[in-house]
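No value in this document is a laboratory result; all are computed from the given coordinates. This one's a predicted model, so the numbers in the text were calculated from it and none came from an experiment. Cβ: placed from backbone, ideal geometry, glycine included. Neighbour counts: every protein chain shown.
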Amino acid sequence: MNILKTIVIIGLICGLLFLAGLDVKAEKRLTKEESVAAGKALFKSKSCSHCHSLRNIKDSIGSNLLRWKNIESPMLWAAIMWNHAPKMAIALDDEAVEYPTFEDDEFANIVAYINSFTDEPGRYKCKPDENKGKFLFQYLGCAECHSIRGKGGSVGPDLAYVTETINNDYVFVGMLLSHAVVMSKTANTRKVPWPRMQGDEVAHIFAYFKSVIDENF
C-alpha cells in the first residue's frame with residue numbers, strides 16, 4: 001500500500017510539473033525580433049495592409065502609418081486609432097473588409113513591427129490619474145452607453161470585466177480598438193457625437209477602470 005501511495009504521489013508531482021511547464025511556455029514573452037516578425041504577419045492577416053502600406057505610400061487607402069513609427073505608447077496609438085474609427089468604419093465598408101480585432105499581445109506586436117521602421121522610437125510619459133478618468137468617463141459620454149456593475153447605460157456591455165480581468169495596457173487597447181468601429185456605428189445611429197481622445201485621456205480612463213475593482217461603484 002505504501003508503495004502504491006508513493007507511485008500515486010510521484011505521478012501527481014510529475015503531472016503538476018508538466019502543467020507548470022506548459023504555463024511557463026504559454027506565458028513566454030517574445031523577443032524584440034520575434035515580436036516584430038509576429039507583428040508583420042498580423043499586419044497582413046488582420047488586413048491592415050489592405051488599407052495601409054508601409055512601403056508604397058502612394059498606394060495607401062488609409063493614413064500613412066509611418067508618420068507615427070516613433071510612437072511606442074499603446075495609449076497614444078489607442079487615441080490615434082480611436083479618433084479615426086468613424087472614417088475607418090466607412091472605408092472598411094466601402095472596401096468590404098472586416099474590421100480587425102486584437103487579442104492578448106497582438107496589438108503590441110503590430111506596434112513593434114511599425115516601430116521597427118525607425119531606430120529612435122519616442123518615449124511618452126504619462127501619469128494616469130483615476131480621478132481624471134472618472135471625470136472623462138462621464139464627460140465623454142461613456143456612461144451613457146456603458147455601465148460598471150450595472151450602474152450606467154445599457155446600450156453597450158457592462159465594463160466590469162475590464163476592471164476585473166485586464167491589467168495590461170496593450171490588452172486594454174486591443175480590446176478598446178476591437179470594438180471601436182462597432183461603437184462608432186452605434187453612435188452614428190443614435191446621433192451621438194463621436195468623442196475624441198488624447199493619449200493621456202485613454203490612460204486616465206484605464207486607470208479609473210482599474211481603480212473601481214475594490215470600490216462599490
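What pairs from 134/210; 40/69; 69/127 go past 18 Å between their alpha carbons?
Details: 134/210 11 Å; 40/69 14 Å; 69/127 23 Å.
Over 18 Å apart, Cα to Cα: 69/127.
A DSSP coil position with no more than 15 other Cβ atoms inside 10 Å describes the following trypsin sites (Lys or Arg not before Pro) in segment 40-107: 55. Scalar couplings 3J(HN,Hα) for segment 148-157, obtained by applying the Karplus form with A = 6.51, B = -1.76, C = 1.60 to θ = phi - 60°, are 10, 6, x, 10, x, x, 10, 6, x, x Hz; x denotes Gly and Pro. Scalar couplings 3J(HN,Hα) for segment 176-183, obtained by applying the Karplus form with A = 6.51, B = -1.76, C = 1.60 to θ = phi - 60°, are 4, 6, 5, 10, 4, 5, 4, 5 Hz; x denotes Gly and Pro.
Once both labels are positioned 7 Å from their Cα atoms along Cα-to-Cβ, the gap between residue 96 and residue 196 label points is 3.4 nm. If you take the Cα centroid of segment 154-217 and the Cα centroid of segment 128-145, the two points sit 9 Å apart.
If each residue of separation counts as 0.36 nm, what is the full-extension length gain between residue 55 and residue 131 once their alpha-carbon separation is subtracted?
23.2 nm
Cross-link partners of residue 185 among aspartates and glutamates, defined as those whose alpha carbon lies under 12 angstrom from its own and excluding same-chain residues fewer than eight positions apart: 93.
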